[in-house]
Structures are given as C-alpha cells and as structure tokens.
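Read the structure below first, then the notes.
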Amino acid sequence: MSRTRTALLAAMALVGGATGTAFAVDPGSAGIAAVPCTVDYKIQNQWSTGFTAAVTVTNNSAAKSSWSLKWSYAGNQKVTSGWNAKLSQSGAAVTAANEAYNAQLATGGSVSFGFQGSYSGSNAIPATFTLDGVTCNVDGGPGGPTDPPDPGGPSNRVNNPYEGAKVYVNPEWSANAAAEPGGSRIANQPTGVWLDRIAAINGSGGKMGLRAHLDEALRQKGSGELVVQLVIYNLPGRDCAALASNGELGPTEIDRYKTEYIDPIKAILADSKYSSLRIVTTVEIDSLPNLVTNTGSRPTAVPQCDVMKANGNYVKGVGYALNKLGDVPNVYNYVDAGHHGWIGWDDNFGASATLFKEAASAEGATVNDVHGFITNTANYSALKENNFTINDNVAGKSVRESKWIDWNRYVDEQSFAQGFRNQLVSAGFPSDIGMLIDTSRNGWGGTARPTGPGATTSVDTYVDGGRYDRRFNTGNWCNQSGAGLGERPKAAPAAGIDAYVWMKPPGESDGASKQIPNDEGKGFDRMCDPTYTGNPRNNNNMSGALPDAPLSGHWFSAQFQQLMQNAYPPLS
C-alpha cells in the first residue's frame, strides 16, 4: 500500500503490450515462462526534499537462505535510513540485503522493506532491479504479474488522509441525529459507514448502498479533499466473544467472505469515478484481539474463539481484505487494535502486535497494505485520564494495583494508542503508520465527571474518585450507562495520531438488551442486559448496560440523548 503514488514501473517497454510487467520468454516454448522474481517499488510519501518508499520482492526461483536486491537511480536520490533490510548506497547504486530475521526467501515467497530518502529535481522510479544478480521483472499490478493496473490509476496517497480534508457526513445518520431534540448540534459530524453484511454493499432495507454513499461523497467533496470512512465488518464467525454482533457468515465460510463480500467492495472502490476520494477502511472491528485474549486456557476463553483461532479464518480474512483493498490506490487501510482495557496488559500487548503482523502478511498482504490502526471503536475508554498517571503511588501502592487499573500498563486510550504504535513498528510495521482513536462515546462528561484526584485514603479511592470513565469495568462494552460524546472528529490532534474519529455512529445500539428475533444473524449477549452480573471478561461486574436497547446498529434514542447530555467537551 503506497501513500503518495504507486510505481507502475516503466519496464513495459521491454515486452510489447505488457502493462508494467516484463516477462522472460522461453525460446523453447510458444508461451511465456515464469519470471524469476518481481519487485513492487512504491513511493509512499513525497515532499519537496524527501520521500519514503516501500519495496516488496517476490522470489519465483529456488528458495534462498539470504538475498540481496540492487538497483540504480537515474537522478540524485539518496537513501538516508531504512527498516527490515540493510541498505547501502555507492553513487547511484543501492543495495538492500536481508536482515537475520528475514533471510529465508522461499519459492513463491515475498519479503518487504522500506526506507526514507532525499532527492532534488525529479524522483524517478528505478527501471531495473536484480535479485542476487538476476534481473527481475517489474510487478505492474498489486495482484501479480498477470493482473492489469488498478482502474484508479497511480496513487496520490498522503501521509495523513485526514489533514487538509473534509470528512463524509452520512446523510442517513445525520437525519436520525437531526430528528432528535437537540440533535442538530452534532448532525453535521462525520461518522463511519458500516458494511456489516453482504446486503449492505448494494443497500438493504431501504438504506443507501456503497455506491450511493460514494456518489454522495463526491457531491459533498466539491473541489476540495474529502475522506470517506468505511467499516469492513463481516468476518466468518464474527465477534466470537460477543453474541450481540455475531454476523451472517459461519466460521468456515471464508470463501464467501472473499468472493461475495471483499471482492465486490474492492470492485466498487476501484471504480475510477471515485479515484479523487480518500477512502479510509477500518478493517474488522473486534476480531484479531479475540484470538489473543479469549482462547486457550485463559479464564476469559470462549469456545467459538478457539474455533476461529484453530481454523485461521480471522487471520486469512483480514489478510485478504488488506491485500485486495490495499490494491486500490486511494484506499487507506486501518486495522482494528481493540482498546487499552483489552490489550494494554503485558501478556496481551506484544502478542497482539505479533498477531497483527501475521495477519498483515497473510493471503498476499504485506505490512505496506496497512496505513495504520484504530483503537476504541465500539468502546468507551476515556481519551485522557488527567487526574492520575500510571506512575503514581498512593498509600504505599502503585496505581497499577488498583481494582480499576488491575495491573494494566495504560490508564487511557491516547497513551495506549501512542505506546502500541511503537510496539507495532517494532513488530515490523512501517515507521510512519498512524493511529486513529474513536472518541464517539468516551467523553464521560456531565455532573458525574470528577474535577480532580480522588481521596488518598487508598489507591482505590484515589483512582475511583478521579477517573472520568465511570464504567464498572473496562470490559463493559454494551450501551454503557452514563457515557457521553467525546472529542469531536479532528485531524492530527497528537503525536502519532492521524485523527480523532466517530467511526462508531453515536446513537446506534451495541446490542439488544433482550432476545429479539431478526434476520441479521445477531444474537443476544447478556452483556447488553442491565441485570447481568458479569463474567471473567469484565471481572464479574454488572454489565452497566442501558435498558430497552434495540438490535446492534439500530437507532437507540435514549442512548443518543444520554450521549449528548454527558458530552465532553460539552455541546453548546
């Protein structure tokens, strides 16, 4: 996935009619033989004096125990730093050699690395690459040597899609908000469009389909830049630990996910009609973290999550989505990364980053198909807890020992997002990935909002008296009582954060508070029942859910009114 422009490298002149890919012709056959290797060189971001690039090498020859890729620049480009390869330069000639951890390159295997460089004048794409002395043919399309270029043409991706851009206002959500007393105050805010089942792609139940949203986005765009936020949310065996948001596809229906869900979405997004839009896709909310925290011998384990870990369909599905959607030049993929109250603990933190890297390397995807990660979607974790820090000590005990923190390394969502970003880079993701934080329901304002630290009688009185997040436990996720709207959507609000977003539309239910028959595949989860006394995933606390809630995704007027009442910053 490139951020500024995809290199459709100019080797097509080598073979007449080839579109960006040169094929080696076997004199002994009438057809075209397999090329020995392909190189996908993409300029991710470019400014007046510098650029970042991502390179993926695919080996179609015998397996290698080490490798070295070489190219020469036609201009005065200089490699200044790199990652996932040892890079050196002599004059115009550049060499990228393997690191110890990625030296093995199997037949048909790929390896990716990236670098930052400087230039002046033009920043021409190298015309020829060699892998261990053998000339590679240039990969002209993200799908492989036989694929045509993407219909959208060269990419114009930017480092942060939200900067300098408006964000799409979903007219359906806006109408619901405006119909509520006082709702007009926020009805013009941008929210995510959830593609939560196959029928949503073309529109169902009288709702707008994907093309209708994109057409409306073009209207809203005018002559400026505009971001459209889509939620890709239909994995097989979806939300294995949360029945309220179970999906339509069974645990083994990975082929349907690919051909009936992801492929049609990609086909629409790749239509050149929409190439001027910046399309942000948030990929599979609340999926991969389940494989870390809710499997095996853990007390939080759920049999359905063990099934999904064993069959690999979460990893395969996310990888396939990243690969296919990342092929579209104006798509920016952000992968769901849970929230601090889910993977902020030591035994979840590094393991989650490792799993995300595995998913981003599955089904043809690479880490360069990931533009960033999103946290706190469909959750309520406070953005910043200002009345205590993780380093505080009270009455001889660390804040980490309090019942609320419970040995977590993070007390709020922004510190977690920034810390987890660093962990993801260490796991092999590009150093310029950005984070999104969903602030749609984490304001925790109103009369219950503390104005200072709690009493220092004990570590629990200190934390409980000062914390903005008023839930019983950070594991509570369904229609939380007392919640409020958080920070309004905003670009580049803090270091490493691409934007605060309202990806989860405020006022749309997390799940029904009682069993409601439906044709959407959505079950009843006791965590949405206000009388439920809990389970190990919320330390056996009350659910904290509002009563009389409709099915997930359906409009919940009482929740919307509460969110406005408790908004922080307050609504004017």
Give just the number: which of (1) closer than 23 Å to A241 by Cα; (2) in contact with a strand residue (DSSP E or B) (Cβ under 9 Å, 6 or more places away or on another chain); (3) at pLDDT 95 or above; (4) open to solvent by 10 Å² or more (accessible area, probe 1.4 Å) does E487 not satisfy? (1)
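Could you say whether any residue in the range 504-512 is farther than 26 Å from A165 by Cα, free of Cβ contacts under 8 Å to residues at least 60 places away in the same chain and open to solvent by less than 20 Å² (accessible area, probe 1.4 Å)?
yes
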Among the listed residues A378, A359, identify the single one that is under 25 Å from I232 (Cβ atoms), in contact with a helix residue (DSSP H, G or I) (Cβ under 6 Å, 6 or more places away or on another chain), crowded, with 19+ Cβ neighbours inside 10 Å and touching a residue at least 40 places away in the same chain (Cβ under 8 Å). A359
What about V318, is it crowded, with 23+ Cβ neighbours inside 10 Å and either among the charged types (D, E, K, R) or not in a loop (DSSP other than H, G, I, E, B) (or both)? yes
So D369 ticks every box in (1) in contact with a Leu (Cβ under 7 Å, 6 or more places away or on another chain); (2) charged (D, E, K, R); (3) within 19 Å of E487 (Cα to Cα) but one. Which box is left unticked? (3)
Just need a number here: residues in the range 256-281 that are open to solvent by less than 10 Å² (accessible area, probe 1.4 Å), among the hydroxyl-bearing types (S, T, Y) and closer than 27 Å to S223 by Cβ. 2
A558, sole failed condition from (1) open to solvent by 20 Å² or more (accessible area, probe 1.4 Å); (2) in a helix (DSSP H, G or I); (3) touching a residue at least 40 places away in the same chain (Cβ under 8 Å): (3)
Select, from K309, K324, K273, the only residue that is among the charged types (D, E, K, R), in contact (Cβ under 8 Å) with a residue 12 or more places away in the chain and within 28 Å of G419 (Cβ to Cβ). K309
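In this structure, does S61 turn out to be in contact (Cβ under 8 Å) with a residue 24 or more places away in the chain, out of contact with any Cys (no Cβ under 7 Å at 6 or more places or on another chain) and part of a loop (DSSP other than H, G, I, E, B)?
Values: in contact (Cβ under 8 Å) with a residue 24 or more places away in the chain: yes; out of contact with any Cys (no Cβ under 7 Å at 6 or more places or on another chain): no; part of a loop (DSSP other than H, G, I, E, B): yes.
So S61 fails the test.
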Within the range 165-242, strands (runs of 3 or more DSSP E) holding 3 or more residues that are in contact with a Leu (Cβ under 8 Å, 6 or more places away or on another chain) and open to solvent by 10 Å² or more (accessible area, probe 1.4 Å): 165-167
Looking only at the range 77-126, filter to residues that are assigned to a strand (DSSP E or B) and of a type in the set (S, T, Y); which one of those is nearest to S65 (Cα to Cα)? S110
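The values are calculated or read from the model by the stated rules, or taken from the named source; none is laboratory data. On a predicted model such as this, the values are computed, not experimentally measured, just so you know. With ideal geometry, Cβ positions are generated from the backbone for all residues, glycine too; neighbour counts draw on all protein chains shown. Side chains included, ligands, DNA and RNA excluded: accessible areas come from the protein's heavy atoms. Shrake-Rupley method; radii C 1.70, N 1.55, O 1.52, S 1.80 Å.
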